[in-house]
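These notes are about the structure you will find just below.
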Amino acid sequence: QVHIVESGGGSVQPGGSLTLACRASTDSLSQYDVHWHRRPPGKLRESVAFLSSDNTTNYLRSVKGRFTISRDNAKNMAYLQMKDLKPEDTAVYFCKLSLGYEVFWGQGTQVTVSS
């Protein structure tokens, strides 16, 4: 079992930036694929960014060029840097780790973009 804790959420104005952090209780983060998902209010959860164990990335089209996913395996941490935030980025953001059939989710952190 891997325990995941997200942090870094908050309220920002449009155009602002936030960096979300994902702390994992494993010394083997390098073996996992890292995912960030979000659930906008009243909508279904969607995949935002993906970083494979071999450092392949993929992003939701609407966040490409604004969001950057990264990891620090030595610190067992993953990150989602978000810039030029828009009101439509408002959501609960979740970190997910996957390795084969194993999938672990965090509890989520709220991001609110509003003027």
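The values are calculated or read from the model by the stated rules, or taken from the named source; none is laboratory data. This is a predicted model, so every value here is computed, not measured. Counting neighbours? That spans all protein chains shown, and the Cβs are built from the backbone with ideal geometry, glycine included. Quick note on the areas: whole protein, heavy atoms, side chains included, nothing else; ligands and nucleic acids left out. Shrake-Rupley method; radii C 1.70, N 1.55, O 1.52, S 1.80 Å.
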Q: At 1.4 Å probe size, with every protein chain present, just tell me what the per residue accessible area of the chain comes to in Å².
A: 55
Q) Under a straight-distance cross-link criterion of Cα-Cα below 24 Å, which lysines are reachable from Lys75, leaving out those fewer than 8 residues away in the same chain? A) Lys83, Lys96
Q: Starting from the coordinates of the alpha-carbon atoms of the chain, obtain the Kirkwood hydrodynamic radius over all distinct pairs and give the value in Å to one decimal.
A: 14.0
(Q) Students often check this: by mean Cβ neighbours within 10 Å, which of 38-48, 69-79 ranks highest, and how do the rest follow? (A) 69-79, 38-48
**Q.** With every protein chain in place, the range 23-115: carbon and sulfur % of accessible area (1.4 Å)
**A.** 45
Q. Roughly how many debye, to the nearest 20, is the charge dipole of the chain about its Cα centre, given +1 on each Lys and Arg Cβ, -1 on each Asp and Glu Cβ, and no other charges?
A. 320
